[in-house]
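Trainee: Let me give you the structure first, and then I'll get to my questions.
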Amino acid sequence: MTREASTNTTNRTPGNQSGADALLFNVAGLLGEPLGSIRDIRVEAPPLSLGEGLVQIRDLVGDLRLTRTNRGLMVRGRLRTAIAQTCSRCLREVEWPVELDIDEEALPTIDLVSGAAVNSDDEPDALRLTNHHELDLEDDVRDLINLAEPIAPLCREDCPGLCIVCGLELASGPHDHPDEEIDPRLEGLRGLLQ
Ligand SMILES: [Zn+2]
Ligand SMILES: [Zn+2]
C-alpha cells in the first residue's frame, strides 16, 4: 500500500552542476517517514564522464520513484540518454539511445535514529545510502550505461557497409564501377563528383 502523501521534488537547481551532483539525492526526510511513503523525482543530469572511450552525448533524463521500505528505500524508474558509437559496418558516427531501468533497494549505512553504523556484511553488494543519508546513483548509472554499450552497433539495421573495392559507403547512392583494380583515391573522387 502506498501513501498519498507524495510530493514531487527535483534534484536541486539545474545549471552548472555536474552529472555526479545531479545524481545525488538527500533522502533523510523520506527515511523518517512511515513505510510506503513515496517521493517522485524528476532526473535531469548532465552527461557523466564514463571513461574508456565511452562518451555520453545527451543529458540523462527520466523519472524515479523512491518508496520507503522497512529496510531502506526502493528505487524504481527509467532513465534515458545516448552514447556515441561508430557503426560497425560503415564506420559512421552514430547516436546510440540508451534506456536504463532502475529497480533496486538502497540500504542505509547509518541508522537514522541511533546514528550507529549498520552491519553491511550480509549484503556487501547492495546499493548503500551515504553517511549523510543521500542516495548516490552515479556509480549505478555509469555501470548501467557501460552494460548498455552495444557490441556491434549499426547506424541502421540494414546498413550495407563499405564497398570492398573503393571503400565508399554503399548507402550513399548508386555505386558501380568496373570490377578491375581501381585506384581507391580516384574512385573516391568519382564518388564525390557524382
Ligand atoms: Zn552503417
Ligand atoms: Zn566501390
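Please treat every number below as a calculation from the coordinates, not as lab data. For clarity, every value in this text was computed on a predicted model and none was experimentally measured.
Trainee: Using the Karplus curve 6.51 cos²θ - 1.76 cosθ + 1.60 with θ = phi - 60°, work out ³J(HN,Hα) for each residue of the range 158-173 in order, rounded to whole Hz, and write x for Gly and Pro.
Mentor: Result, rounded to whole Hz: 9, 4, x, x, 10, 5, 6, 8, 10, x, 6, 5, 6, 7, 7, x.
Trainee: Would you please give the residues with an amide H less than 5 Å from that of Leu50, counting only those at least 5 places away or on a separate chain, with H modeled from the backbone geometry?
Mentor: Gln56
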